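Undergrad: Provided herewith is a single structure, encoded as structure tokens, for subsequent inquiry.
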């Protein structure tokens, strides 16, 4: 048993193989230990920060209703965190070294810089990388922040460059589409924003195909879910852009389905 950088315990015991006697601790062989390094490069949809106070997660010591607590730190949660847990639960004998480089407010211009800095600063070679961007590229223009907005041509250049660079030291790259905008503006404006974002997703799909990367389309199932789920209990967005737990679940299910359908983890282990 060992502890990974994020505090999760992992084990290298191979299922179905005896590793314990009555008077001895497990003795994993060196060749049984496998680590898959997984990276995420994207926006706040991937970063998904949440406030943390240890008392909030300790069931035996929860604060009283109405009491005040202090935010002790920020933690990354959302669909990336849940996918990490899902991988570790499904493959308990494999260590997943996860690097979440998601950054709130980042455009493709910013994320391209993050990819470059990560390569220069850490030299990490990945087994699997998820990369997605575009929502802030579009949103900034509708916010009137034109100097930060990224048009489709520049976006395509940045994303293509990232996929090309990552492919040089990543065994499998997955390009993730953006989720649509929810009720963040008046309906006519939101429709225009989503029409524009659709063009960016199409460019992302083309970039993935050109580099032999997988394309994870979360737009279509997210749109279908949003059409049928209404009200507070069916809200997919917390503010029209960032996702609720339900919205995260829609993305999570699509990611899990892609990994299973193409046997991505199995092939990486082979």
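Undergrad: Order these peptides, 191-197, 78-84, by their mean beta-carbon neighbour count within 10 angstrom, highest first.
TA: 78-84, 191-197
Undergrad: Next question, about the same structure. If the chain between residue 185 and residue 71 were fully stretched, how many nm would it gain, using 0.36 nm times the residue separation less the Cα-Cα distance?
TA: 38.0 nm
Undergrad: Ok, one more. Only counting other Cβ atoms within 10 Å, I'd like 177, 44, 147 sorted with the fewest neighbours first.
TA: 147, 44, 177
Undergrad: Given the Cα atoms of segment 118-270, and with Rh set as the inverse mean 1/r over their pairs in the Kirkwood sense, what is Rg to Rh to two decimals?
TA: Reported Rg/Rh (Cα atoms, Kirkwood Rh): 0.99.
Undergrad: Over segment 203-259, what is the relative contact order in whole percent, taking alpha-carbon pairs under 8 Å and six or more residues apart?
TA: Once normalised by length, the contact order is 30 percent.
Undergrad: Moving to a separate point now. Test of understanding: what is the full-extension gain from residue 192 to residue 57, defined as 0.36 nm times their sequence separation minus their Cα-Cα distance?
TA: 44.5 nm
Undergrad: Here's a follow-up. Listing 64, 266 from the residue with the fewest other Cβ atoms within 10 Å to the one with the most, what is the order?
TA: On the way: 64 6, 266 11.
Neighbour counts put them in this order, fewest first: 64, 266.
Undergrad: Using all C-alpha to C-alpha distances in segment 52-210, build P(r) with 5 Å bins and read off the rounded percent in each one.
TA: Each 5 Å bin holds this share of Cα pairs: 1, 8, 14, 16, 16, 14, 12, 9, 7, 3, 1, 0.
Undergrad: Right, something else. Ranking 172, 141, 263 by Cβ neighbours within 10 Å, fewest first, what do you get?
TA: Fewest-to-most ranking of 172, 141, 263: 263, 141, 172.
Undergrad: Just the C-alpha atoms of segment 98-160: what Rg/Rh do they give, with Rh taken as the Kirkwood radius? Intermediate results must be reported in sequence, preceding the final value.
TA: Working: Rg = 12.7 Å, Rh = 12.5 Å.
Expressed as Rg/Rh, it is 1.01.
None of the figures in this text is laboratory data; all of them are computed from the coordinates on show. These figures come from a predicted structure and were not determined experimentally. All Cβ positions, even for glycine, are placed from backbone atoms using ideal geometry, and neighbour counts span all protein chains on display.
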